[in-house]
Every structure is written in C-alpha cells, then in structure tokens.
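The values are calculated or read from the model by the stated rules, or taken from the named source; none is laboratory data. Not measured: the values here are computed from a predicted model. We place every Cβ from the backbone using ideal geometry, glycine too, and count neighbours over all the protein chains shown. Just so you know, the surface numbers come from the protein's heavy atoms only, side chains and all, with ligands and any DNA or RNA stripped out. Shrake-Rupley method; radii C 1.70, N 1.55, O 1.52, S 1.80 Å.
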Amino acid sequence: MTSVSLGMPAAPPPVLAPRRPTRQIRVGSVGVGSESPVSVQSMTTTPTTDINATLQQIAELTAAGCDIVRVACPSADDAEALPIIAKKSQIPVIADIHFQPKYVFAAIEAGCAGVRVNPGNIRKFDDQVKEIAQAAKDHGTSLRIGVNAGSLDARLLKKYGKATPEALVESAVWEAGLFEEHDFHDFKISVKHNDPVVMVRAYEMLAERGDWPLHLGVTEAGPAFQGTIKSATAFGALLSKGIGDTIRVSLSAPPVEEVKVGIQILQSLNLRPRKLEIVSCPSCGRAQVDVYKLAEEVTSGLEGMEVPLRVAVMGCVVNGPGEAREADLGVASGNGKGQIFVKGQVIKTVAEADIVETLIEEAMKIAEEMGEADGEDAVQGGPVVTVS
C-alpha cells in the first residue's frame with residue numbers, strides 16, 4: 001500500500017473573527033477570557049445533598065468533555081455538601097446561589113472554584129458586595145454575575161416594562177460596577193434570555209460596555225431539538241463575532257447532551273479541536289446505498305475515538321469521490337461497491353457489505369499511526385468522520 005502522510009496541518013484552522021479582547025480570570029484550573037479557549041459548562045440535575053449521585057454525574061460530564069460544572073445550592077444542606085463535591089470533582093465546581101447571601105460565603109469557604117450570583121434574586125445583595133468581594137479575593141474564588149430575564153430586578157422591570165436587552169445590560173453593568181468599586185475584577189457576566197434575538201442583542205450591547213469575560217446562554221431553551229437550534233443560532237451569531245468566553249447549552253435533557261451540543265457548536269466554528277466528525281449527505285434519488293444506515297453504523301463503530309480524523313461516507317458518484325478525497329478517510333459508494341480513500345488516495349475497493357467494517361479497521365490503523373507519530377497529545381485531539 002502507498003505510504004500516506006498522517007501529519008497534522010501546520011496552520012491553525014480559520015475562524016470567522018478574532019476573539020473579543022477581555023480581561024482574564026480563572027475558574028479553578030480553567031482559564032476564562034480571550035487568552036483561553038472557549039470552555040463548555042453544564043449543570044448537575046441531581047440533588048446536591050446526594051453527594052455520590054452528584055459526583056457520579058460530574059464524572060459523566062467530565063468524560064463527555066465538560067470543562068466546568070455548576071451545582072445548585074438552595075439550602076443549608078446543599079451548602080454542607082459543597083466541600084466534598086468541590087474537593088472530589090475532577091473539574092472546577094461553581095455553586096449556583098439564589099435568595100440567600102449566606103450561601104455565597106458558604107460556597108467560597110467550601111472551596112468552590114466559582115460562585116454564580118443572581119442579583120435579581122438575592123435579598124440585600126447590593127449591601128453585601130464589599131464582604132462578598134473580600135471573601136472571594138481572600139480565597140481566590142471567581143464569580144459570575146448571572147442576570148436572567150426571568151428574575152430581573154423589580155426596579156428594572158418597572159423602568160423598562162419587560163426584560164429588554166437594555167434592561168439586562170443595565171442590571172449587569174450596575175452589579176459589575178459595585179464589585180469594581182471594591183477593586184474586585186475576577187468575575188464574568190451573563191445576560192440570559194429565552195429569546196435568541198433578545199439574548200444576542202443584549203450580549204452585543206454588553207460587549208461594547210466593558211472588557212468582562214462573557215458566559216453565553218439561552219435560558220430555558222427548551223427540549224433537546226428546540227434548545228439545540230436556539231442555542232446554536234444564538235451562540236453562532238455571537239461567537240462568529242468573537243463574543244463569548246464560556247458557554248452552557250440549557251436543554252430539557254440529560255446534562256451530558258448539553259455538553260455534546262456545546263462541544264459540537266465550538267468544533268463547527270473551529271473554536272475547539274475537532275474529534276470524531278461525521279459528515280453525511282441527506283441522501284437523494286441518486287444514492288445507490290442506504291446512506292442513513294451506513295452513517296449510523298460508522299458513527300457507532302467509531303464512537304469514543306479521540307484523534308482528529310475526518311471520515312467521509314458518500315452515497316453517490318456525484319459528490320462522493322471529491323468529498324472522500326478531501327477527508328482523512330472516506331468511502332465513495334455505488335453499484336454495490338465502495339472505494340476506500342485515505343488522505344485522498346484510493347487504497348482498495350470493497351463490497352457494499354464490507355464498507356463499515358473496512359472503514360472502522362482503517363480508522364483504527366490511522367489512529368494508531370497518529371498516536372505513534374505524535375505521542376499522547378495527538379490521541380487527545382480526536383478523530384473526524386465525514387459521511388456524505
């Protein structure tokens with residue numbers, strides 16, 4: 001077989017716009033800001049008081065690629081669980097605080113990497129900013145000022161009539177100013193809304209007002225399909241302009257699904273190294289194989305592969321050969337056979353029944369060779385499979 005180069009491209013992949021310059025903060029081991037990659041967050045759905053269940057879910061999120069995890073802390077019992085969770089979690093833990101300022105201090109004392117505070121919900125929050133800032137500074141804890149359309153300060157609702165972009169931004173800038181008056185700058189800001197158009201405009205306005213790192217989110221985005229579309233639309237609009245430093249896809253679905261969607265959004269914009277990518281055609285009357293079945297079987301067979309590999313699975317002769325040549329690994333199918341391509345070169349032709357098995361075998365060979373050539377770092381990059 002002809003030798004095929006499997007080296008990684010020398011230049012970084014192109015992006016639509018440079019990142020908006022921001023101040024840099026840390027959430028535990030994760031950097032947040034324009035000097036760091038855009039990170040993916042999620043939130044546990046288990047009762048925080050159930051420490052084992054919460055740590056198990058955090059482990060599942062970590063395995064899925066989550067960078068930062070948030071846990072709810074609505075009660076004293078939840079606060080008491082935070083020290084163990086923060087210590088044993090493999091990724092930084094953020095405590096989500098509403099209503100009671102005392103839990104902000106408890107979370108900081110517990111060793112949480114960050115605390116999310118909702119100014120519209122916390123009673124007498126403004127009166128305790130100085131003490132919160134000092135405690136966070138003493139413990140090296142970052143904060144997120146989390147403004148939500150559903151819990152906007154009553155004063156701003158009265159002023160604007162509803163949660164407009166202007167109202168969200170005014171709330172965020174006001175609270176940011178309170179912390180900055182006390183020389184505390186280790187915070188990021190979010191201005192979430194369930195309407196992607198309102199949300200995008202709010203973040204655009206906020207980005208013009210200061211250099212704060214921004215956490216993106218469409219709140220209450222809905223069930224998996226709807227929430228994915230809304231989040232991808234809103235995040236794409238902002239990230240394509242360089243706005244956004246960390247994201248959370250809010251779905252009425254298991255949190256691991258949020259992470260998968262978030263990672264895919266970043267990979268699609270070249271903001272995170274691509275791993276396994278499946279590119280497949282929607283099928284049409286030209287297709288001479290069952291593209292749906294072929295794509296599903298290849299995806300299933302390569303699940304969990306962790307090297308940067310693009311695999312093209314093509315169903316007809318119109319775009320098939322060209323797409324397969326452009327991929328790391330691909331097949332152009334027709335007339336009961338499939339031409340197998342590796343880095344643009346045809347290496348063999350196999351019967352249709354053998355396409356899936358052959359692609360998986362060749363993918364494993366490529367992954368092994370990439371690991372030998374580039375060491376463990378290459379294996380961490382992830383493969384890309386393109387099906388068309």
Practice problem: Please go through the range 104-140 and pick out each residue that is more than 23 Å from E180 (Cβ to Cβ) and not acidic (D, E). | Solution: A106, A110, G111
Quiz item: Do you know which residues across the range 93-114 are within 18 Å of S171 (Cα to Cα) and touching a strand residue (DSSP E or B) at 6+ places or on another chain (Cβ under 7 Å)?
Solution: I97
Exercise. Consider E368 carefully, then state whether it is assigned to a helix (DSSP H, G or I), modelled with pLDDT of 80 or more and either open to solvent by less than 40 Å² (accessible area, probe 1.4 Å) or touching a strand residue (DSSP E or B) at 6+ places or on another chain (Cβ under 8 Å) (or both).
Key: no
Quiz item: From G150, G177, which residue is under 21 Å from H215 (Cβ atoms), open to solvent by 10 Å² or more (accessible area, probe 1.4 Å), assigned to a helix (DSSP H, G or I) and without any contact (Cβ under 8 Å) to a residue 24 or more places away in the chain?
Solution: G177
Quiz item: Which of the residues belonging to the range 347-361 are farther than 14 Å from V298 by Cβ and not small (G, A, S)?
Solution: I347, K348, T349
Quiz prompt | For A64: the one exception among (1) at pLDDT 95 or above; (2) in contact with a helix residue (DSSP H, G or I) (Cβ under 6 Å, 6 or more places away or on another chain) | solution = (1)
Quiz item: Does the range 324-363 hold any residues that are aliphatic (A, V, I, L, M), without any contact (Cβ under 8 Å) to a residue 40 or more places away in the chain and open to solvent by 30 Å² or more (accessible area, probe 1.4 Å), and which are they?
Solution: V346, A351, A353
Exercise. Among what's in the range 226-280 and is under 10 Å from the mean Cα position of the chain (by Cα) and open to solvent by 40 Å² or more (accessible area, probe 1.4 Å), pick the residue that is farthest from V198 (Cα to Cα).
Key: R272
Quiz item: Being under 25 Å from D195 (Cα atoms) and at pLDDT 95 or above, is that true of even one residue in the range 72-89?
Solution: yes
